Amino acid sequence: MGRKLLLEHINVPGINTLAVYREKGGYRAVEKALKTLTPDEVVEEVKKSGLRGRGGAGFPTGMKWSFLAKPEGVARYLVCNADESEPGTFKDRYLMTYIPHALIEGMIVASFALGAKTSYIYVRGEMMPQIRILEKAIAEAKAAGFLGKNILGTGYDLELYVQPGGGAYICGEETALLESLEGKRGNPRIKPPFPAIAGLYGCPTVVNNVESIAAVVPIINDGGDEYAKIGIGRSTGTKLISASGNLVKPGVYEIELGLPVEEFIYSDEYCGGIANGKRLKATVAGGSSVPILPANLTLKYANGEPRLMSYESLSEGGFATGTMLGSGGFIAFDEDQCIVRNTWNFSRFYHHESCGQCSPCREGTGWLEKVLHRLEYGHGKMSDIDLLVDVSKKIEGNTICPLGDAAAWPVASAIRHFRDEFEWHVKEPVKSLSSNYGLANYAVPIEKKVEEVKQDNL
């Protein structure tokens, strides 16, 4: 059984309260950091841990903290990105619901390390129950002396606020989040300057994901070197995975990075296999924005070696035969699921959530949705498939923020790996309305497919 750092006490009755959280060792990291370490030493421990951002990008957290500008007399801010809106991802909501003090403790330690006297938790607007839970937990922490003036008699002051989000997926992008937090429309900013230089109210700011901040607690308690021993290679520590789709046991799981994908899907400790005795057809490993993979490439590399749940392993082979760990939103599709319909559904979402600031995204996401709708409902043409690929290429890399890429990658990868199913929708328009294609037929060897993809990208 894998080691649990964040969810070890998740099933303890009352763990959402300060009293029970304290009984299980809660706020030891705050006491250790504020009483025995300097801010720079806390940053160094996080660096040594190898912790990478758990929101999707996977950028080293300690390095991100070290970039923070520290001009004399200028306020600094820590903002927690709890605007969890990625389809297929629900781990942060789970953490905030059942063990909110883990996030608050992490916020205090991280704020101390960064020299922030005011910090914010920006929560997705639809998560009102979680907002109320966090507000109650913050009040408990403040009453116990962990927030406010002169925390634990150390002379460090911190005020922590919960801010309901703007109800838009785009506000999960850090600069759009800051715009929204300032009371403006949530449009991404052009970078540079980066938030570490000019973020919230034009001041140096760090924006981190819920899980990233909560992970700071075990790092400080046990030490960065101990944390780095967990996992594999540069994918250190544990990771929360939101498992959904056609699984026997969907839910939130904490895994040690480096766990074989096959074990995660099929072992009884985790997802328990594919529901109803069906076969696995495809997976989306890191939330709706990452490339979809067929079953064979989900479980193994193109060379036949087992694929692992890690940043490096899932991306092995590039987008030709790999994907991304992303936010850890793991969606499994069984043999009866329609790839065309699923891709259209994702495209509907991205078209709806585009802020409209960049023309390639504003216009391109609309075209992706319309053409996929045509294919799904029996009005498609063979040329539509190549049109989708072309539109995806024109969106990718041509927008201010990654939403354009997030819209393009699922479409391009679905056609790359399941082109036969898209063609079937054109050849059998009536049949496709009442039945699904089933498992893809790999008439072309995967090695040849990889070479074709490489040639297409030249």
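The values are calculated or read from the model by the stated rules, or taken from the named source; none is laboratory data. Predicted, not measured: the structure shown is a model, and the values here were computed from it. Please note: Cβ atoms are built from the backbone with ideal geometry, for glycine as well, and neighbour counts cover all protein chains shown. With ligands, DNA and RNA removed, areas are computed over all heavy atoms of the protein, side chains included. Shrake-Rupley method; radii C 1.70, N 1.55, O 1.52, S 1.80 Å.
If the Cβ limit is 7 Å and pairs must be 6+ apart or interchain, which residue in the range 207-224 that is of a type in the set (Ser, Thr, Tyr) pairs with which residue that is open to solvent by 10 Å² or more (accessible area, probe 1.4 Å)?
Short answer, once both residue conditions are applied: SER212/GLY53; SER212/GLY55.
Among the residues of the range 50-62, are any over 15 Å from the mean Cα position of the chain (by Cα), under 23 Å from GLY233 (Cα atoms) and touching a residue at least 12 places away in the same chain (Cβ under 8 Å)?
yes
Name the pairs whose Cβ atoms lie under 9 Å apart, with the first residue in the range 380-392 and more than 11 Å from GLY364 (Cβ to Cβ), the second among the acidic types (Asp, Glu), and 6 or more positions between them or separate chains?
MET382/GLU423; ILE385/GLU423; VAL389/ASP456
Out of (1) assigned to a loop (DSSP other than H, G, I, E, B); (2) under 14 Å from SER212 (Cβ atoms); (3) open to solvent by 60 Å² or more (accessible area, probe 1.4 Å), the odd one out for GLY73 is which?
Just one mismatch for GLY73, condition (2).
Taking the range 83-107, which residues are open to solvent by 10 Å² or more (accessible area, probe 1.4 Å), under 24 Å from SER180 (Cα atoms) and assigned to a helix (DSSP H, G or I)?
Answer for the range 83-107, where residues must be open to solvent by 10 Å² or more (accessible area, probe 1.4 Å), under 24 Å from SER180 (Cα atoms) and assigned to a helix (DSSP H, G or I): ARG93, TYR94, THR97.
With (1) surrounded by fewer than 22 Cβ atoms within 10 Å (Cβ to Cβ); (2) modelled with pLDDT of 95 or more as the list, and LEU181 as the residue in question, which single condition is left unmet?
That leaves (1) as the condition not met.
If you take the residues of the range 144-178 that are acidic (Asp, Glu) and touching a strand residue (DSSP E or B) at 6+ places or on another chain (Cβ under 8 Å), which of them is surrounded by the most Cβ atoms within 10 Å (Cβ to Cβ)?
Only one residue tops the list, namely GLU174.
When PRO129 is evaluated against the numbered criteria (1) open to solvent by 30 Å² or more (accessible area, probe 1.4 Å); (2) under 30 Å from SER347 (Cα atoms); (3) touching a Pro at 6+ places or on another chain (Cβ under 6 Å), which criterion, by number, is the only one it fails?
Every listed condition holds for PRO129 apart from (3).
Within the range 108-116, identify whether any single residue is closer than 23 Å to PRO218 by Cα and touching a Cys at 6+ places or on another chain (Cβ under 8 Å), and answer yes or no.
no
Evaluate the following for THR205: is it modelled with pLDDT of 95 or more, under 19 Å from SER327 (Cα atoms), buried (at least 17 other Cβ atoms within 10 Å of the Cβ) and not basic (Lys, Arg)?
no
This table checks each residue for (1) surrounded by fewer than 23 Cβ atoms within 10 Å (Cβ to Cβ); (2) farther than 23 Å from SER315 by Cα.
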| site | (1), (2) |
| --- | --- |
| ILE15 | yes, yes |
| LEU18 | yes, yes |
| TYR21 | no, yes |
| LYS32 | yes, yes |
| ASP40 | yes, yes |
| SER49 | no, no |
| ARG54 | no, no |
| GLY58 | yes, no |
